[in-house]
1. Of the residues that make up segment 144-166, is at least one over 27 Å from Leu198 (Cβ atoms) and of a type outside the set (D, E, K, R)?
2. Working carefully through the options Met243, Met297, find the one that is under 30 Å from Pro125 (Cα atoms) and hydrophobic (A, V, I, L, M, F, W, C).
3. Looking at (1) acidic (Asp, Glu); (2) in a helix (DSSP H, G or I); (3) within 16 Å of the ligand (Cβ to nearest atom), which is the one condition that is false for Asp134?
4. Take the residues in segment 222-246 that are among the hydrophobic types (A, V, I, L, M, F, W, C) and within 21 Å of Pro172 (Cβ to Cβ); name whichever of them is surrounded by the most Cβ atoms within 10 Å (Cβ to Cβ).
5. Anything in segment 51-75 that is in a helix (DSSP H, G or I) and within 25 Å of Thr244 (Cβ to Cβ)? List them, or say none.
6. Do we find that Asn114 is within 16 Å of the ligand (Cβ to nearest atom), under 21 Å from His183 (Cβ atoms) and at pLDDT 95 or above in this structure?
7. Go through (1) among the hydrophobic types (A, V, I, L, M, F, W, C); (2) farther than 26 Å from Thr181 by Cα; (3) part of a strand (DSSP E or B) for Met297 and report which single condition fails.
8. Which residue out of Ser109, Ser48, Ser78 is modelled with pLDDT of 55 or more, within 16 Å of the ligand (Cβ to nearest atom) and in a strand (DSSP E or B)?
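The values are calculated or read from the model by the stated rules, or taken from the named source; none is laboratory data. Here the structure is a predicted model, which means the values were calculated and not measured. Ideal geometry is used to build each Cβ from the backbone, glycine not excepted, and the neighbour counts take in all protein chains shown.
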Amino acid sequence: MTVKRGFQSIGLLLFFCGLAAFTACQKREKPEEGGVSTDHKGIILGFSQIGAESAWRTCNTRSVQEAAEEAGIQLLFSNAEQKQENQIKAIRSFIAYQVDVIAFVPIVSAGWGNVLREAKEAGIPVLVTDRKIDIQDESLYAGFIGTDSVQEGRAAAEFLLKKFETLPPGGPVRIVELSGTVHSSAATGRAQGFREVLKSHPRFEIIYSESGDFMRSKGLELMRSVLQTFTQIDVIFSHNDGMTLGVLDAMKEKNLKPGTDIIIVTVDAEQAAIDALKRGEINCVIECNPKQGPGIMELARKLAKGEPIPRQIHVEEEVFYEWDDLSGLPPRGY
Ligand code: GYE
């Protein structure tokens, strides 16, 4: 792992050195104001991606890269390897190179004011994608396209209300929550929406909540520990399928039947989770759509031409329930 991480860091270093050297020897000559052509040719988009923590993220990256190719937009792509400071460095490199538009997935919601102010001073519009940011000066970014995490959390809770209506009345419903990356809008939004719905149903009790950072390995570790600690768990609410797959592994180690012994609700709708839903090992899968590339490119084109864009676009998402007929569902692609 050290070797791999070492290579990754060297790769990142080479990326920034290369970009810095390229920038130093030649700032890009931007056409005169408004001179960007309208058919995407010549548009350069700097994109800062979080990393590759889940199958969802990998699909999100593929969607951005393929959509840029399709649109004829030149993509400067940076993988931050889960570090906000690498995202800030990459955005600064995009500014130095004078890209036409900057887009990024904010790994956490806070800490973006300074670098976005630098982008604004450089006259480069910024598009926030997938996750949201908390910022006082909303003028520092042009708009947002991504997932509605609060609604995803609400949908998870609404499923539980429906599910337990079908079961004989009983005692408290004890819920363990595996949350995503701390301070990310995806995690805070899902937690908020989930609690918003359940707060008027006191039977449902969140007995434990811990971050598994959207990673399968941490989901496995967390669930092993939870099964050691709690003798009675009725529900697992996991903020992403990656962690949920770890939960299933941990339950099977103990010969427990996920989806029966413990109700499982998860978010993303990657293929492996849909397959587990069909097997009855998961009870509800809430879609979080990673295929945001085409929408990002359309907005980047408008921004490059100086056109206004909507402040917020939530991508289409649906919910898959254990009682649905999923036989016609096309492959998920992630
Ligand atoms: O749910 C998870 C990924 O930001 C909404 O990040 C995204 C989340 C997604 O790692 O799988």
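1. yes
2. Matching residue, one of Met243, Met297: Met297.
3. It is condition (2) that Asp134 fails.
4. Among residues in segment 222-246 that are among the hydrophobic types (A, V, I, L, M, F, W, C) and within 21 Å of Pro172 (Cβ to Cβ), the one surrounded by the most Cβ atoms within 10 Å (Cβ to Cβ) is Met223.
5. Matches in segment 51-75: Ala55, Trp56, Arg57, Thr58, Cys59, Asn60, Thr61, Arg62, Ser63, Val64.
6. no
7. (3)
8. Result of the check over Ser109, Ser48, Ser78: Ser48.
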